[in-house]
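Report on the following structure.
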Amino acid sequence: MDIPVYLFTGFLEGGKTTFINGILRDGFALRDRTLLLCCEQGEEEYDAKVLKNVTVVNVEEETSLNPAFLKQLEKKHRPKQILIEFNGMWSLARLYQEALPANWVLYQIMTMVESATFDTYAKNLGQMMMEKLTNADLIVFNRCTEALRDSLRQRNLKMVNRRASIYLEYSDGTSEDYADDSVCPFDLDQDIIDIPDDDFGIWYVDVMEHPERYEGKAIRARTVVCHLPQYPGNVILGRFAMTCCENDITFLGLVAVGDGFDAFENRSWADVSGVVHIAPHKAYEGEDGPMLHVAAVSSAEKPKQEVLTF
């Protein structure tokens, strides 16, 4: 039976234990037996009041994290879910490739960062820091200030990890989304902005919400070609996406103009490149929207993941 694993990573004093205490107080382990592996001892301790359904096991050596040891823990404690407070100096790659048993499935990776020490760690332990950021599903910068917020946004960390949700936590308990109008998930200074297959949905949302960013920008992407009779002279290029469940699949498309699409059947795959220009179109209910002026188009293989997920 597969067991979901929730991994909390980051460097010492980044706020991992505080975050874990918070979700446990909110009832995360109220019903299901939970195994909590603590791989790092900081100043903060687990709240004993919320550990009634949680078994805590301390892991002091990185080599102790191996399939044999972890399967012993599984057999002994029979957890329904597993939390790992990971040591920031240990390798995530080793954990993925060597340590976790096959039925221990990583459901979510959360990276906690002390805002004030981020620059120091990034400078001195850059590769380790990048590993924590690029693999995360959620990134929280703790103990933030307005000055640190502005500094972090200037770095544009969304280009490091486009899929992660990033939040800034302030010392008074309030928080805000890292992504605002000043943060773009793509490098707009490139001669051609390559849109990776897995990131098309992120790019689609950004170009629809902030089309002015992409005015006059050249892009390259793999898309599905759709011929719609209500838009003669145009094609719609995009991807199918599952926004909630398998019964909730929608097409994310933008209007394109250019030659060569007559050779493509409806719903065929194509590699396209062109320049984005903003113009009104009835596909956008007569309002201004992004239109791709295609310069080159060629047949393409289906990507490994045909339907996008968010």
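Are any of the residues in the stretch 10-18 open to solvent by less than 50 Å² (accessible area, probe 1.4 Å) and not in a loop (DSSP other than H, G, I, E, B)?
Keep residues of the stretch 10-18 that are open to solvent by less than 50 Å² (accessible area, probe 1.4 Å), which gives 10-11, 14-17.
From the residues that got through so far, the ones that are not in a loop (DSSP other than H, G, I, E, B) too are 16-17.
Checked the stretch 10-18: at least one residue is open to solvent by less than 50 Å² (accessible area, probe 1.4 Å) and not in a loop (DSSP other than H, G, I, E, B).
Regarding residue 60, is this residue surrounded by fewer than 19 Cβ atoms within 10 Å (Cβ to Cβ) and not in a strand (DSSP E or B)? Reasoning before the result, please.
Values: surrounded by fewer than 19 Cβ atoms within 10 Å (Cβ to Cβ): yes; not in a strand (DSSP E or B): yes.
Against the criterion (surrounded by fewer than 19 Cβ atoms within 10 Å (Cβ to Cβ) and not in a strand (DSSP E or B)), residue 60 qualifies.
Would you be able to say whether some residue in the stretch 97-106 is more than 21 Å from residue 35 (Cα to Cα) and aromatic (Phe, Trp, Tyr)?
Checked against the condition, which is being more than 21 Å from residue 35 (Cα to Cα) and aromatic (Phe, Trp, Tyr), the stretch 97-106 yields no hits at all.
For the structure I just gave you, tell me whether residue 204 is buried (at least 19 other Cβ atoms within 10 Å of the Cβ) and touching a Pro at 6+ places or on another chain (Cβ under 9 Å).
When the stated conditions are applied, residue 204 does not pass them.
Identify, by number, the condition in (1) open to solvent by 30 Å² or more (accessible area, probe 1.4 Å); (2) of a type in the set (A, V, I, L, M); (3) over 29 Å from the mean Cα position of the chain (by Cα) that residue 249 doesn't meet.
(3)
Results for (1) aliphatic (A, V, I, L, M); (2) modelled with pLDDT under 95; (3) in contact with a His (Cβ under 8 Å, 6 or more places away or on another chain), shown as yes or no for each residue.
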residue: 16; (1), (2), (3): no, no, no
residue: 37; (1), (2), (3): yes, no, no
residue: 50; (1), (2), (3): yes, yes, no
residue: 68; (1), (2), (3): yes, no, no
residue: 73; (1), (2), (3): yes, no, no
residue: 79; (1), (2), (3): no, no, no
residue: 97; (1), (2), (3): no, yes, no
residue: 100; (1), (2), (3): yes, no, no
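So, in the stretch 281-295, exactly how many residues are over 17 Å from residue 216 (Cβ atoms) and either open to solvent by less than 80 Å² (accessible area, probe 1.4 Å) or out of contact with any Pro (no Cβ under 7 Å at 6 or more places or on another chain) (or both)? Outline the logic, then answer.
Here is the first cut: in the stretch 281-295, the ones over 17 Å from residue 216 (Cβ atoms) are 281-287.
Next cut, either open to solvent by less than 80 Å² (accessible area, probe 1.4 Å) or out of contact with any Pro (no Cβ under 7 Å at 6 or more places or on another chain) (or both) only: 281-286.
Qualifying residue count, the stretch 281-295: 6.
Would you pick out the residues in the stretch 223-246 that are over 19 Å from residue 196 (Cα atoms) and surrounded by 16 or more Cβ atoms within 10 Å (Cβ to Cβ)?
Selection gives 226, 227, 234, 235.
Please identify the pairs in which a residue from the stretch 179-208 that is within 13 Å of residue 222 (Cβ to Cβ) and part of a loop (DSSP other than H, G, I, E, B) has its Cβ atom under 8 Å from the Cβ atom of a residue that is among the aromatic types (Phe, Trp, Tyr) and at pLDDT 90 or above, counting only partners at least 6 apart or on another chain.
195/186; 195/203
Kindly indicate the residue of the stretch 29-72 that is touching a strand residue (DSSP E or B) at 6+ places or on another chain (Cβ under 6 Å) and β-branched (Val, Ile, Thr) and also nearest to residue 9 (Cα to Cα) among those meeting that condition.
Here the answer is 59.
So how many residues does the stretch 41-77 have that are among the small types (Gly, Ala, Ser) and closer than 18 Å to residue 88 by Cα?
The qualifying residues number 2.
In the stretch 20-33, which residues are in a helix (DSSP H, G or I) and without any contact (Cβ under 8 Å) to a residue 12 or more places away in the chain?
Answer for the stretch 20-33, where residues must be in a helix (DSSP H, G or I) and without any contact (Cβ under 8 Å) to a residue 12 or more places away in the chain: 22, 23.
Go through 65, 36 for me and flag whichever is free of Cβ contacts under 8 Å to residues at least 40 places away in the same chain, crowded, with 20+ Cβ neighbours inside 10 Å and either touching a Lys or Arg at 6+ places or on another chain (Cβ under 8 Å) or closer than 24 Å to residue 137 by Cα (or both).
65 is the lone residue from the list that is free of Cβ contacts under 8 Å to residues at least 40 places away in the same chain, crowded, with 20+ Cβ neighbours inside 10 Å and either touching a Lys or Arg at 6+ places or on another chain (Cβ under 8 Å) or closer than 24 Å to residue 137 by Cα (or both).
Let me spell it out: the conditions are (1) farther than 17 Å from residue 292 by Cα; (2) among the β-branched types (Val, Ile, Thr); (3) open to solvent by 50 Å² or more (accessible area, probe 1.4 Å), and residue 192 meets all of them except one. Which number is the exception?
It fails just one condition, (1).
Go through the residues of the stretch 91-99 one by one and say whether even a single one is in contact with a helix residue (DSSP H, G or I) (Cβ under 8 Å, 6 or more places away or on another chain) and under 29 Å from residue 149 (Cα atoms).
Yes, some residue in the stretch 91-99 is in contact with a helix residue (DSSP H, G or I) (Cβ under 8 Å, 6 or more places away or on another chain) and under 29 Å from residue 149 (Cα atoms).
The values are calculated or read from the model by the stated rules, or taken from the named source; none is laboratory data. Please read all numbers here as calculations on a predicted model, not as lab measurements. FYI the Cβ positions are ideal-geometry reconstructions off the backbone, even for glycines, and counts take in every protein chain you see. Ligands, DNA and RNA are excluded from the accessible area calculation, which covers all protein heavy atoms including side chains. Shrake-Rupley method; radii C 1.70, N 1.55, O 1.52, S 1.80 Å.
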